[in-house]
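A.B. asks: My questions will all concern the structure given below.
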Amino acid sequence: MNIYADLVDVDDGCAPNPFYRVMTFALGQSKIRQEAKVGDAIVGLSKCRLTQDSQVVYAGIVSDVMLLESYFDDSRYLNKKPSFNPKNSRDWFDQYGDNIYQKSAGVWKQHTHLSRSKSDMAEDIQGKHVLICKQYWYFGKKALNLPEKLQLLMPDTDAFRKNTDELLNQSFIKWINTYERGVAGLPTEIARIKDSDLVS
């Protein structure tokens, strides 16, 4: 098992999308989506603005890897398509779905999304795959401090770090499993939403 540790620039619930009891990676993170395999872990890390402590925003174990072009029409992930119509939208998190790319007759179409524009399309498509994580932890604005013994997971630069050290990786998995799976905190960028509205 490898751990792909990525620095989180924006935590808005879109990339990854942790709602509806599965965490999906379909936007951005193109190199990770190209490489990661079933059984690998994806970990989103950030620096606390006040203390500069390394924090875990999310973590997930890849349970399935599918082609991006298959994602849009897969009936299992229709609820990952953004909905902006109040009459059809089931709740606020419907607006943050990541299922926005449709390929027809060899041509890609980007559907409306809150945080992705046409300029993001090339990188998103370059990722080729959607990573599916049925086992996941999403902390959002309740990000956890990363223990000192696991600090080596933190990337040195803006690029992600692929960790292959089995002892380090197993140590992280053992630690993260002490926490309840699912959505524990809201995306940091959605300050207007109350924690009582959480859905996992």
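Just so it is clear, none of the values below were taken in a lab; they were calculated from the coordinates. From a predicted model like this one, the values you see are computed outputs, not experimental measurements. Reconstructed Cβ throughout: ideal geometry from the backbone, glycine too, with neighbour counts over all protein chains shown.
A.B. asks: Please turn the phi angles of the range 148-164 into ³J(HN,Hα) values with the Karplus equation 6.51 cos²θ - 1.76 cosθ + 1.60 (θ = phi - 60°), one per residue in order, whole Hz, x for glycine and proline.
C.D. replies: Computed from phi, the couplings for the range 148-164 are 4, 5, 10, 5, 5, 5, 5, x, 7, 10, 6, 6, 6, 10, 9, 9, 10 Hz.
A.B. asks: On a 0 to 90 degree scale, rounded to 10, what angle separates helix 166-176 from the longest Cα axis of the chain?
C.D. replies: 70 degrees
A.B. asks: Count the DSSP beta bridges whose two residues both fall in the range 3-197, then state the antiparallel fraction as a percent rounded to the nearest 5. Please list the in-between numbers first.
C.D. replies: Details: 28 of 35 bridges.
In the range 3-197, approximately 80 percent of DSSP beta bridges are antiparallel ones.
A.B. asks: Let me check against my output: what whole-number percent is the relative contact order of the chain, with C-alpha pairs under 8 Å and at least 6 apart?
C.D. replies: Working: 406 pairs, mean separation 64.3, N = 200.
Relative contact order here is 32 percent.
A.B. asks: While we're looking at this one, here's another question. Considering only ALA41, ALA105, ALA184, give the residue with the highest GNM mean-square fluctuation for the chain, with springs between Cα atoms whenever their separation is below 10 Å.
C.D. replies: ALA105
A.B. asks: OK, next. What share of all Cα pairs of the range 3-197, in percent, falls into each consecutive 5 Å distance bin?
C.D. replies: Result, from short to long distances: 1, 8, 16, 21, 21, 16, 10, 5, 2, 0, 0 percent.
A.B. asks: Collect residues whose amide H, placed 1.01 Å from N in the peptide plane, falls under 5 Å from the amide H of LEU45; neighbours closer than 5 in sequence don't count.
C.D. replies: ASP6, LEU7, VAL8, VAL57
A.B. asks: Here is a further query. Determine the dipole magnitude for the range 3-197: charges of +1 sit on the beta-carbon of Lys and Arg, -1 on that of Asp and Glu, nothing else is charged, the reference point is the Cα centre, and the result goes in debye to the nearest 20. Write down the numbers at each step before the final one.
C.D. replies: Values: 26 positive and 26 negative charges, 85 e Å.
Taking the Cα centre of the range 3-197 as origin, the dipole is about 420 debye.
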